[in-house]
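Working notes, structure below.
The values are calculated or read from the model by the stated rules, or taken from the named source; none is laboratory data. Predicted, not measured: the structure shown is a model, and the values here were computed from it. For neighbour counting, all protein chains shown are included, and Cβ atoms are generated from backbone atoms with ideal geometry for every residue, glycine included. Accessible surface is based on the protein model in full, side chains and every heavy atom, while ligands, DNA and RNA are left aside. Shrake-Rupley method; radii C 1.70, N 1.55, O 1.52, S 1.80 Å.
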Amino acid sequence: MPLINLPAFSADLLADFERLGTLRVDTPVIQPAEPFLAMAGEDLRRRIFMTESETGESLCLRPEFTIPVCLRHIETATGTPKRYAYLGEVFRQRREGGNEFYQAGIEDLGDTDIAASDARAVGNAMRVVANRLPGRSLTVTLGDQAVFEAVVGACGLPGGWQKRLIHAFGDQKHLQKLLAELADPKAAGVFGPEVERLAINGMLDDEARLVAHIGETMEATGYSTNASRSPQDIARRLKEKMELANTRLDPETLDLVREFLALDMPLAEAPAALFRFAEKTGLTLDGALSRFDARVAALAAVGADVSVIRYRAAFGRPLDYYTGLVFEVEVEGTQAVLAGGGRFDRLLTLLGAQEHIPAVGFSLWLDRIEAAIAASGGAA
């Protein structure tokens, strides 16, 4: 496959990054696959180009930059805060366009002022896109996974259900399916006669007996605990599945979750609407809503045009490592995402950082920006 030519506006884009106080970095095209498989999300996992080293290590062509930039930061141990910029090729299967294309972006690591760094990420993304498309009106969609997590947590669901719902955030079809299961659980017959026999005999309520039974069964059937999960792991997972399958959320609480997910309004109206929702439902969301309110104020402070930003409570992005803010930038009247990003405060710790490093960033799809420039009949 021939290499994609760098867009004509690349030099100007890099100049923008320099003016924004970033350090440009690059990362190897060949990356260890495990971090992407474990942390990037199903949508990206199934589109990665995989390969293998001579020693059997799973490798992949770089499918995005956030994880490689974070790994580079950890390996170089340069301290924080740091603002990194990148521009280079990524490789992944796409529904439209080539499988080898250029991305650029900024990763903002270590700034403890969450509201200010969130606002800076959104404002910078809007600015660099607007600089490529002068005269074109932009629209921004903004969501907040942390607010959704606070709502789910305040509803009192078991931990396993909270994880499932949070994992589905941003995938409306999957999320609605899970809510339907919560409204009408169908545990009977799901696990087969052996598990139902254990439940009838009370063994699922006695973890020691359950572990012993599973161990005896594994030994009798020739399963090695070295080659598979331990009896303790199997027992814990089985009990969790039974708990999930037997959980029913009352109709009133389900209605309020759905009411929250239906919130869709200009960002300027969102803080008041969220506080009204919390007051009406009696849910304790103070921390998440205070952070949301601070971000809106910070966006105005950095000069971002808040009037073009819309808050959608159900909006998420298909990457598992997001923890708070998520956003996307488009040209008004189109559906092509030109820039997108969000906050990923847990990612660096999961990748091996010895201390907590708050992080936020965004990526730019350069081929889509190039197409938008062509559609405008001009050159950036």
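Structure notes:
- Of all the residues in region 76-120, those that are at negative phi and in contact with a Pro (Cβ under 8 Å, 6 or more places away or on another chain) number 10.
- Qualifying residue in region 348-355 (condition: modelled with pLDDT of 95 or more, polar (S, T, N, Q), open to solvent by less than 20 Å² (accessible area, probe 1.4 Å) and over 16 Å from residue 130 (Cβ atoms)): no
- Cross-chain or 6+ apart pairs with Cβ under 7 Å, region 43-72 first and more than 23 Å from residue 361 (Cβ to Cβ), then assigned to a loop (DSSP other than H, G, I, E, B): 50/33; 58/33; 59/33; 59/53
- Number of positions in region 245-281 that are assigned to a loop (DSSP other than H, G, I, E, B), free of Cβ contacts under 8 Å to residues at least 12 places away in the same chain and in contact with a helix residue (DSSP H, G or I) (Cβ under 7 Å, 6 or more places away or on another chain): 0
- Scanning region 111-128 for residues that are surrounded by fewer than 22 Cβ atoms within 10 Å (Cβ to Cβ) and more than 14 Å from residue 330 (Cα to Cα) returns 111, 112, 113, 114, 115, 116.
- Taking the criterion of being crowded, with 23+ Cβ neighbours inside 10 Å and closer than 25 Å to residue 372 by Cα, the residues of region 100-110 that qualify are 104, 105, 106, 107.
- Residue count, region 294-323 (criterion: within 11 Å of residue 267 (Cβ to Cβ) and of a type in the set (D, E, K, R)): 4
- Given (1) assigned to a helix (DSSP H, G or I); (2) within 24 Å of residue 172 (Cβ to Cβ); (3) modelled with pLDDT of 65 or more, number of the condition residue 211 does not satisfy: (2)
- Verdict on residue 360 being crowded, with 22+ Cβ neighbours inside 10 Å, of a type in the set (Val, Ile, Thr) and in contact with a strand residue (DSSP E or B) (Cβ under 8 Å, 6 or more places away or on another chain): yes
- Scanning region 260-281 for residues that are within 25 Å of residue 184 (Cβ to Cβ) and exposed (fewer than 14 other Cβ atoms within 10 Å of the Cβ) turns up just one, 262.
- All conditions in (1) open to solvent by 60 Å² or more (accessible area, probe 1.4 Å); (2) more than 24 Å from residue 120 (Cβ to Cβ); (3) among the acidic types (Asp, Glu) hold for residue 26, with the sole exception of (2).
- Single residue of 333, 303, 341 found to be assigned to a strand (DSSP E or B) and within 27 Å of residue 134 (Cα to Cα): 341
- Unmet requirement for residue 97, which otherwise passes all of (1) under 22 Å from the mean Cα position of the chain (by Cα); (2) under 24 Å from residue 336 (Cα atoms); (3) open to solvent by 10 Å² or more (accessible area, probe 1.4 Å): (1)
- In this entry, residue 72 is excluded by the filter for residues that are modelled with pLDDT under 90, among the charged types (D, E, K, R) and either over 19 Å from residue 346 (Cα atoms) or surrounded by 14 or more Cβ atoms within 10 Å (Cβ to Cβ) (or both).
- Residues (under 21 Å from the mean Cα position of the chain (by Cα) and either among the hydroxyl-bearing types (Ser, Thr, Tyr) or not in a strand (DSSP E or B) (or both)) located in region 136-153: 139, 141, 145, 146, 147, 148, 149, 150, 151, 152, 153
- Of all residues making up region 28-46, the number that are at pLDDT below 90 and either in a strand (DSSP E or B) or under 12 Å from residue 91 (Cβ atoms) (or both): 1
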